[in-house]
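The structure appears right after this line, and notes come after that.
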Amino acid sequence: MSLLIYGRGRVINGKRCGFCAGKARVSGQHKHKTRVWASGKDAFVADSPVLRRLMWPLVATLLLVATVVAAAFWYQQEQRLQDALAQRIAEIPSRLQTAQEQQLAVMGALLERITADRALREALRKGDRERLLSDNRELLEELRRKYGISHFYFQDRNRYSILRVQFPEKKGGRISRHTLLEAERTGKPAGGLELGSFGLLILRMVQPVFSGGELIGYVELGKEMDDILSGLKQPDGVEVALAIHKEMVKRDAWETGMKLTGRQFGWDDYPHDVLIHTTLWPIPPGFLDRLLAEHDRQAFSVKAKIAGKPWRAATVPVKDASGRRVGHLFVMMDVSAQKAAFWQMAAVTAAISISMLALLMAFLFSLLRKADAHLHAQKSMLHMTEARQQAIFDTVIDGIVMIDELGRIELVNPAFQRVFGYRFDEVRGRNVSMLMPEPYRSAHDGYLQHYLASGERRIIGIGREVLGQRKDGSVFPMELAVSETLIGGQRLFTGLVRDITARKQAEADLINSLQLQQEYQQHACVDALTGLHNRRWLEDAFARQMGRCAKEGQTVVVVMLDVDHFKHYNDTQGHFGGDCALRALGKAIADNIRPNDLAARYGGEEFSIMLPDTRLGDAVSMAERLRREVGKIPVQAPDGRRLPSITLSLGLAEMKAGDSLETLIASADAALYRAKQNGRNCVSV
């Protein structure tokens, strides 16, 4: 790592040094020397036993008086501040509840208007995803613009997801959120706060939809809490932030949600909670840590300095629609006005006290001027400190470079020369942008001047990964962290740079390895010809689905199907023709099953389908539909020739108590055998 120091200091070899207090000239690599100037009464004051005997009684008296006065003022100010802020925090929960009720009322009115559409109800009844998506995609955008709606769902009467308009690629799944369960239980609209799959707090409203007195499904709207929470912000300095308990969300889903919404919060920022919203940015380090540690206290007891202003903060518990405590709402208030009033009063008192003690301070000052005996001790300490600093500067494994406010290089250490390949005499007096590739080189001076003029930080005090350029022109990744300080009234910028080329290569190798592993796992479970899963996958997935359905008391039907006279088809059309027929059959199966159904190639021309939560009669209808669809599918050879269509024989078996996967498949296989005995191209149970 290299250290960049921007500064303005004393003259060294015609340039200013940020480390030296006096002028010095050196040859070669810069070495710091000290010259101490003292004459007569201007010398440092010497230590004295008499001075020590007089100093401590005076200091003790002054401290006692100052402590009593300061304690009285401080206690009075704290009491007034606590009373005012306690009243302010008591208003937040009721304002939040009112805002939620208003938003739920708006979403309820929108749902009534949406579900009144006859075409929508018909598409919902049929479970027509494509129609629902085409009719409502633009509606979601309109709702997002006008009302901030971010979530739009359609579920069937059994709470299975038909369509997530905002994520149409995400299909299937049975929804068990509290608001949906409440709407199912009461048959009326239900709403409230709930955690979404990405760990965001969503205000949801669910509308059950009926047709002819029969429940046909549910329509749901949701919006994120950002605009509601932003509404809690007040012009007199009140800010809010929202954190969720980590046990309520999954890390990978939460991090995905943060990326999708452009939020810059980190999972590891806090031990037990994650931040999802704040009206105050940036939040000072350690501020929320203390709030989270004292989350059961509602008083404004946590204090912090933000942009030079004093703040107080407290927490309000946040519960979802089911009453679970899912996180904290932080209320933060700028108390600079109250503090200013306090300090104004303190200034008046201090002025009076200073007037009374003026003679005593004059006497004390006259004694201090005589203390010059400690000059040698101070010089020795100064020389030792400089020697230590120089040893660190010369031997540290990270490079160091000193730069003035104009970006000109004044000093580098040996580690810098190893990192960038330049000697000190090659970079002295040149702009630091020479160490950067384009376009950063051209923009650097503008960044520096912008910071000096506005104080806006981009790297200073933050740190990030950037690119550097060596003497040979090669570009390499590096970590850059820059800090700022003042020494002797001179501004210094200190930056750290570490060459992370090896680490980046290791990360890339790891990513490639994980991608290859994922591809191998995919190939191991998918049949390459039909695109369906293979028998290896079937034995695991079917068994797990049977176990789940048995536990939840749901019915399960297994369908075994076989291509009729497939050997003759292969003999007459060739194996390539047979492959084309199997490929067409695999596509037909995938197109005609539900999202939660399971299908796999069992072996050869034999396939298996598992239908969870399905009655035997409904399964027979599905099998008949599939048999008819397959008979209509055109089979086309690679050269474009039209091949004969195929027919299917299908056998069905319903899971009974005590059935294993083997016995259930055997029952379906026996039914398939009966279908073939009955003349093929039929369904048998």
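Laid out as a table, the results:
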{"quantity": "Mean projection area, nm², convex hull over Cα of the stretch 107-187", "calculated": "5.3 nm²"}
{"quantity": "Packing-based order for 540-553, 499-512, using average beta carbon neighbours within 10 Å, highest first", "calculated": "540-553, 499-512"}
{"quantity": "Residue 227/residue 251 FRET efficiency (R0 22 Å; Cβ-Cβ; nearest 0.05)", "calculated": "0.25"}
{"quantity": "Cα principal axis extents for the stretch 373-500, largest first, Å", "calculated": "57, 35, 25"}
{"quantity": "Radius of gyration, Dmax [the stretch 561-671; alpha carbons; angstrom]", "calculated": "14.8, 51"}
{"quantity": "Neighbourhood charge, 9 Å Cβ-Cβ cut-off, centred on residue 529 and excluding it, Lys, Arg +1 and Asp, Glu -1", "calculated": "0"}
{"quantity": "Hydrodynamic radius of the stretch 92-133 per Kirkwood, over alpha carbon pairs, in Å", "calculated": "12.2 Å"}
{"quantity": "Accessible area expressed per residue, the stretch 560-651, with surrounding protein chains retained (probe 1.4 Å, Å²)", "calculated": "47 Å²"}
{"quantity": "Theoretical gain in end-to-end length, residue 466 to residue 382 [0.36 nm per residue, Cα-Cα removed]", "calculated": "26.6 nm"}
{"quantity": "Charge sum, other residues only, whose C-beta stays under 11 Å from residue 263's C-beta, Lys/Arg counted +1 and Asp/Glu -1", "calculated": "-2"}
{"quantity": "Estimated Rh, the stretch 467-593: Kirkwood, alpha-carbon pairs, angstrom", "calculated": "21.5 Å"}
{"quantity": "Net lengthening on full extension, residue 509/residue 475 (0.36 nm per residue, minus Cα-Cα)", "calculated": "10.3 nm"}
{"quantity": "Residue 264-residue 80 FRET efficiency (beta carbon distance; Förster radius 35 Å; 0.05 resolution)", "calculated": "0.40"}
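The values are calculated or read from the model by the stated rules, or taken from the named source; none is laboratory data. Everything quoted here is computed from the prediction, not taken from an experiment. Glycine also receives a Cβ, built like all others from the backbone with ideal geometry; neighbour counts cover every protein chain displayed. Calculation scope for accessible area: heavy atoms of the full protein, side chains included, ligands and nucleic acids excluded. Shrake-Rupley method; radii C 1.70, N 1.55, O 1.52, S 1.80 Å.
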